Amino acid sequence: MKTTNWGNYPVTQTPTFNPSFEEDVIRILQASDSVIARGNGRCYGDSSLGGKMISTLNLNKILAFDRQTGLITCQAGVLLSDVIEVAVPYGFFLPVTPGTKFVTIGGAIASDVHGKNHHSEGTFGQHVTEMEVLLADGQIVTCSPSQHADLFWTTCGGMGLTGIVLKATFRLKKIETAYIRQEQVKARNLEEIMDLFAESESWTYTVSWLDTSAHGKDLGRSIMMRGEHASLEELPQKWKKNPLALPKNKKLNIPFYFPSFLINDLTLKIMNRGYYFKSPKKQWSGITHYDPYYYPLDSILNWNRVYGKNGFTQYQFVLPPEASREGLRKVLERLEKYKQYSFVTVLKLFGKAYKEAVLSFPMEGYNLAMDFKICPEVMKMLDELDAIVADYGGRLYLAKDARMKAEFFHQSYANSHLFRETLDKWQARCKFHSLQSDRLKITV
Amino acid sequence: MNSTILILGATSDMAQACAYRFAKAGCQLILASRKVSRLAPLQSDLEIKHQVKVHLAEFDACAYITHTQFYQSLPSKPDVVILAFGILGEQEIAQKDDFAEAHKIIDANYTGAVSILNIIANDFEQRKSGTILALSSVAGDRGRQSNYIYGSAKAGLTAYLSGLRNRLSKAGVQVITVKPGFVATKMTEGLPLPKPLTAKPEQVANSLFKAVKKKPNTMYVLPVWRYIMLIIRNIPEGIFKKLNL
């Protein structure tokens, strides 16, 4: 069977096992030389592809939920969407959420995912209080920030290379309503959007969409979207009766792969321009439900098929604060040179890195994520972007990567040797490999 | 629906899907299986998602002498019983020199079912109410070389159920024979099942849930199976025996 992740690139033909019980996971693990755990396949590249894959999707049970404190314990294959459905009616929400709710808890830990609140609330791993990890030798170890802390912090952001997360306990955050008070502000160029991020620091959620097709004096023009959880008082009367309402399920589906020529420099330019000019106003605000606010793309099932059968890749990097302005400019100019544009483009100012999580991606500075259809021209351009990111002291997000070179990885992740040392301490490299970890020479 | 559902063989995918479907409707659940510790995650998940009471009970279909004790010690008597245990077994092994495999298939699919259903039937008959939903199989409609040991055990179960239905109809107890056809589950993982003929466990659960109200005698999950089996049953034996089924 063919298996791919969200980018539909690369493809592997190796088997996936779908155990329903912990004892079956152990049995499969012990009968294998090289395995990697996989969740819902929402990383973009080859992080959860390998010689043999153990899916956690049948380990999808919620084990405990304290409705007073918001502490929740889940098996690794529980989706964030399952947690939300259980938590929201009791006035709780995920402490940190990525742009899709269709990732598993195990995946969220392995990629140490971040969200629009990274500058204020950190990464997902920082809210995990305890987890159980199945090690290479078949033992299950409970770890937390105070117990086997090295295993805990290498598993957060460790791309599944320490072992298989079986269950985890984490803290949900209290909310008064299921709604977000949102403000959108247009920025005419890179300078303006960076100023906006600086002045929006006190907002819980900040993120911006960026027009990659704009250049010259418009380079970096963006729309800042900042938000706060709406209080009950702020809600319009009609929503006050049921302030913790779950969304109504109306979903579009992309039933087949679009022919890949539909995504080209002209259509992307038109889409970018259209989105930037969708409102003539410089600033607008309103109350919106959490679902469209956090997960706009989740309402279109299989949106990845828009890029065609050959797939696409997301290029996501972060640059240190002092290098961000120049580095971002260089990157955007390079897109213009290649006439390659992205539509789903996200710019965000991260807060400080959490040092204990040695392989976790976020660090202080500007983070930019862009989608590109896979083609030789793009691959060439991305190699050049790697050089720029390396020059300015930045790094790429492993959960999105499908192609960077091992040298670049080890140069840009300064703690990669510490990561390997911890893997060896827990004797993980004899068992856990992904296509990515071998490609990046982490596990070989 | 404010009733108690007993699911026998609750670790299977179809049984689990049933547990969610009935819990969603507010039913109390008793989940029974051989390795009851495996069911603890399912229990907590059902209780958290649907705010229903879920009780776990140890039950081994082949440990017949424990069945009376098992049924008597349930926290409350069920209104609906879903018999979902059974094994596919290995036909190849069962037909060669290893009678143990054949015996296991017969016991787990037939003997065990007779043993526990006898006990439940007597209780339901006395109470003059209740519904028994038993998962039999289309494989029991006609023996085929690829799985006739499993098929014959299911055929026995089907015949048992039809007799039981005949007896209990006077007491107002409904016995429903379910022939799911192909279902995408752990038991069939890796088999090349044709998609249009294969139901999801959730579809099975949904039709079982509806059946409690509609009270059919025999039911298929996907309607197309009724016609497939009609044809298969009516192929003359002279031709059938030469087919590679």
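Please state which one of A:GLN75, A:GLN126 is open to solvent by 40 Å² or more (accessible area, probe 1.4 Å) and modelled with pLDDT of 95 or more.
A:GLN126
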Worksheet entry | Number of the condition not met by A:VAL25 [criteria: (1) open to solvent by 30 Å² or more (accessible area, probe 1.4 Å); (2) within 14 Å of chain B (Cβ to nearest Cβ); (3) in contact with a strand residue (DSSP E or B) (Cβ under 7 Å, 6 or more places away or on another chain)] | (1)
Worksheet, complete the sentence: Every listed condition ((1) on the phi > 0 side of the Ramachandran plot; (2) in a helix (DSSP H, G or I)) holds for A:GLY220 save (2)
Worksheet item: Residues in region A:227-246: is at least one farther than 25 Å from A:PHE92 by Cβ and in contact (Cβ under 8 Å) with a residue 40 or more places away in the chain?
Response: no
Discussion item. When you check A:ILE109 against the structure, is it under 18 Å from the mean Cα position of the chain (by Cα), away from chain B (no Cβ under 13 Å) and β-branched (Val, Ile, Thr), yes or no?
Written reply: yes
Practice prompt. Confirm whether B:LEU168 is over 23 Å from B:ALA23 (Cα atoms), modelled with pLDDT of 95 or more and either part of a helix (DSSP H, G or I) or of a type in the set (A, V, I, L, M) (or both).
Written response: yes
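Yes/no matrix, rows are residues, columns are (1) open to solvent by 40 Å² or more (accessible area, probe 1.4 Å); (2) within 14 Å of another protein chain (Cβ to nearest Cβ); (3) among the small types (Gly, Ala, Ser):
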position: B:ALA153; (1), (2), (3): no, no, yes
position: B:LEU161; (1), (2), (3): no, no, no
position: B:LYS170; (1), (2), (3): yes, no, no
position: B:THR177; (1), (2), (3): no, no, no
position: B:PHE182; (1), (2), (3): yes, no, no
position: B:ALA199; (1), (2), (3): no, no, yes
position: B:PHE209; (1), (2), (3): no, no, no
Item to complete: Identify all residues within region B:17-67 that are open to solvent by 30 Å² or more (accessible area, probe 1.4 Å), in contact (Cβ under 8 Å) with a residue 12 or more places away in the chain and assigned to a helix (DSSP H, G or I); write none if there are none.
Response: B:TYR20, B:ARG21, B:LYS24, B:VAL36, B:ARG38, B:ALA40, B:GLN43, B:LYS49, B:HIS50, B:TYR64
Worksheet item: Taking region A:35-68 as the region of interest, how many residues are away from chain B (no Cβ under 12 Å), in contact (Cβ under 8 Å) with a residue 60 or more places away in the chain, of a type outside the set (Asp, Glu) and part of a loop (DSSP other than H, G, I, E, B)?
Response: 12
Discussion item. Filter region A:274-298 down to the residues that are open to solvent by 50 Å² or more (accessible area, probe 1.4 Å) and in a helix (DSSP H, G or I) and list them by number.
Written reply: A:TYR275, A:PRO292, A:PRO296, A:LEU297
Item to complete: Please give the number of the condition B:ALA100 fails out of (1) under 18 Å from the mean Cα position of the chain (by Cα); (2) open to solvent by 50 Å² or more (accessible area, probe 1.4 Å); (3) more than 26 Å from B:ARG167 (Cβ to Cβ).
Response: (1)
Fill in: Qualifying positions in region A:69-87 - more than 13 Å from chain B (Cβ to nearest Cβ) and not in a loop (DSSP other than H, G, I, E, B)
A:LEU80
Discussion item. I want to confirm something. Restricting to region A:88-106 and keeping residues that are open to solvent by 10 Å² or more (accessible area, probe 1.4 Å) and not β-branched (Val, Ile, Thr), which single residue is farthest from the other protein chains (Cβ to nearest Cβ)?
Written reply: A:GLY99
Worksheet item: Of these, A:LEU423, A:LEU398, which one is part of a loop (DSSP other than H, G, I, E, B), open to solvent by less than 10 Å² (accessible area, probe 1.4 Å) and in contact with a Gly (Cβ under 9 Å, 6 or more places away or on another chain)?
Response: A:LEU398
Fill in: Selection within region A:1-34 - of a type in the set (A, V, I, L, M) and in a loop (DSSP other than H, G, I, E, B)
A:MET1, A:ALA31
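The values are calculated or read from the model by the stated rules, or taken from the named source; none is laboratory data. Since the model is a prediction, treat every value here as computed from it, not as a measurement. Quick reminder, even Gly has a Cβ in these numbers, built from the backbone with ideal geometry, and neighbours come from all protein chains shown. Ligands, DNA and RNA are excluded from the accessible area calculation, which covers all protein heavy atoms including side chains. Shrake-Rupley method; radii C 1.70, N 1.55, O 1.52, S 1.80 Å.
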